[in-house]
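Novice: Quick one: structure below, then a few questions.
The values are calculated or read from the model by the stated rules, or taken from the named source; none is laboratory data. Given the structure is predicted, the values throughout are model-derived calculations rather than measurements. Heads up, the Cβs are rebuilt from the backbone with ideal geometry, glycines too, and the neighbour counts pull from every protein chain shown. Calculation scope for accessible area: heavy atoms of the full protein, side chains included, ligands and nucleic acids excluded. Shrake-Rupley method; radii C 1.70, N 1.55, O 1.52, S 1.80 Å.
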Amino acid sequence: MLAEFLAELDQLSCDALTAFQSAGDVAALEAARIEFLGMKSGRLKSAQKGLGAVDKADKPKAGQRFNQLKQQIEAALEAAQARLDSGAGAVTDGPCFDPTLPGIRPRLGHLHPLTQTIEELKDLMGRLGFSVVDGPEVEDEWHNFEALNIPLEHPARNPLDNFYLATAQRLGCAKPQAVGTGPQAAEEKELLLRSQTSTVQIRVMEKTPPPVRIISLGRVYRPDDADATHYPMFHQIEGLLVDRGITMADLKSVLRLFASSFFQDDVHIRFRPSFFPFTEPSVEVDMSWQGRWIEMGGAGMVDPNVFRAVGYDPEEYTGFAFGLGVERVCMRRHNVTDIREFYKNDVRFLEQFT
Ligand code: PHE
């Protein structure tokens, strides 16, 4: 309200100065006086009414500006009278501009908290030598599943757990195609919104010979009901390092360095045995933070089958991969308790992350 009120006063000031300066005779000046300073319906009078709508806390500031404007307009009237008395005509040169007036301060925005987190994660991993790569959000089954060692009968491929796109085949307009293996066959198959950023591992390794040291960040999609910790769309960061002689110890060191720098605290990492089709062994990663163990995400050593799918020799190379939820990391950092806050676009929430 304050910003609007001040903007209105600025406009009024500009209009009044122009009117008084361009008044070429007594009648025109009188008309301008009535328009701006008229006791009953002058514009200054009606602007004064707007003061009532300004928040209580902003009233002193608004009132001060109003008084300043009133004095300025009265001074402009006097100056115009003196000018006409001295026989000079209208002042026509120069726009109405009073450099002594306070300016209108634009309201500056800032990056969304998730974008801030993503930028920070990129920066941290960049310092550890990982470069950032991007991948498509609409994926084929080869990159989202098969090359990641997730076979057709795996429950993760259940249509109810994924956002498949309605292809002609699915809509019954085309003959179903034989399910094959390998990238060629995958091209004929169905598309879905990627359910994990691990897809990018495959895309990178298909194109680049080892060594590889990348991270990928972006949106992933799963048909979960929205609650305080779930949302059908969220963000993941995926890391992949492949070289000769890479071990779980490297994975642990990288994750510990990464978490310690992000939380600016000496963070410890704990591995719990787990299972992911594309890593072997697989672990859940927890970190100790503020005296508690907190889940960070999944990780493991890249499964030899994944290397075979992309044409790497599993006898020569080893590597690790990890995947973390960006929302989770951001929520921990800022003590946000409901993931849905991130997507509501409510400035009262977003403004807290300047
Ligand atoms: N992609 C896994 C998930 O979405 C996380 C993960 C990434 C696990 C890399 C191991 C290695 O749950």
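Novice: Does residue 279 satisfy the criteria of being at pLDDT below 95 and either out of contact with any helix residue (DSSP H, G or I) (no Cβ under 6 Å at 6 or more places or on another chain) or within 16 Å of the ligand (Cβ to nearest atom) (or both)? Quick ask: steps written out before the conclusion?
Specialist: Values: at pLDDT below 95: no; either out of contact with any helix residue (DSSP H, G or I) (no Cβ under 6 Å at 6 or more places or on another chain) or within 16 Å of the ligand (Cβ to nearest atom) (or both): yes.
So residue 279 fails the test.
Novice: Still on this structure, please answer the following. Out of 148, 152, 160, which single residue is exposed (fewer than 12 other Cβ atoms within 10 Å of the Cβ), more than 24 Å from the chain's Cα centre (by Cα) and under 30 Å from residue 210 (Cβ atoms)? Steps first, please.
Specialist: On the way: 148 fails: exposed (fewer than 12 other Cβ atoms within 10 Å of the Cβ); 160 fails: under 30 Å from residue 210 (Cβ atoms).
Every option except 152 fails the conditions.
Novice: Continuing with the same structure: Looking at (1) over 26 Å from the mean Cα position of the chain (by Cα); (2) assigned to a helix (DSSP H, G or I); (3) within 16 Å of the ligand (Cβ to nearest atom), find the lone condition where residue 284 falls short.
Specialist: Of everything listed in (1) over 26 Å from the mean Cα position of the chain (by Cα); (2) assigned to a helix (DSSP H, G or I); (3) within 16 Å of the ligand (Cβ to nearest atom), residue 284 misses just condition (2).
Novice: Select from the stretch 45-67 the residues that are closer than 16 Å to residue 102 by Cβ and open to solvent by 80 Å² or more (accessible area, probe 1.4 Å) and list them in ascending order.
Specialist: 60, 61, 64, 67
Novice: Can you name the residue in the stretch 282-303 that is more than 21 Å from residue 235 (Cα to Cα) and charged (D, E, K, R) and is also modelled with the lowest pLDDT among such residues?
Specialist: Looking at residues that are more than 21 Å from residue 235 (Cα to Cα) and charged (D, E, K, R), I get 292.
Novice: In the stretch 300-319, what count of residues is obtained for those that are touching a residue at least 60 places away in the same chain (Cβ under 8 Å) and in a strand (DSSP E or B)?
Specialist: Number satisfying all stated conditions: 3.
Novice: Under 8 Å by Cβ, and 6 or more places apart or on different chains, what pairs join a residue from the stretch 322-343 that is under 19 Å from residue 125 (Cα atoms) with one that is among the polar types (S, T, N, Q) and within 13 Å of the ligand (Cβ to nearest atom)?
Specialist: Filtered contacts from the stretch 322-343: 323/196; 323/197; 323/198; 323/236; 324/236; 325/236; 326/236.
Novice: Just to be sure before I move on: is residue 260 open to solvent by 10 Å² or more (accessible area, probe 1.4 Å) and within 16 Å of the ligand (Cβ to nearest atom) in the structure I sent? First the steps, then the outcome.
Specialist: Numbers: open to solvent by 10 Å² or more (accessible area, probe 1.4 Å): yes; within 16 Å of the ligand (Cβ to nearest atom): no.
No: the conditions fail for residue 260.
Novice: Moving to a separate point now. Give 78, 35, 30 a once-over and let me know the one that is at pLDDT 90 or above, open to solvent by 90 Å² or more (accessible area, probe 1.4 Å) and assigned to a helix (DSSP H, G or I).
Specialist: Working: 35 fails: open to solvent by 90 Å² or more (accessible area, probe 1.4 Å); 30 fails: open to solvent by 90 Å² or more (accessible area, probe 1.4 Å).
From the options 78, 35, 30, the qualifying one is 78.
Novice: Here's a follow-up. Please count how many residues of the stretch 199-232 are farther than 20 Å from residue 146 by Cβ and surrounded by fewer than 15 Cβ atoms within 10 Å (Cβ to Cβ).
Specialist: 11
Novice: Please state which of the following conditions residue 289 fails to meet, knowing it meets all the rest: (1) buried (at least 16 other Cβ atoms within 10 Å of the Cβ); (2) within 10 Å of the ligand (Cβ to nearest atom).
Specialist: Of everything listed in (1) buried (at least 16 other Cβ atoms within 10 Å of the Cβ); (2) within 10 Å of the ligand (Cβ to nearest atom), residue 289 misses just condition (2).
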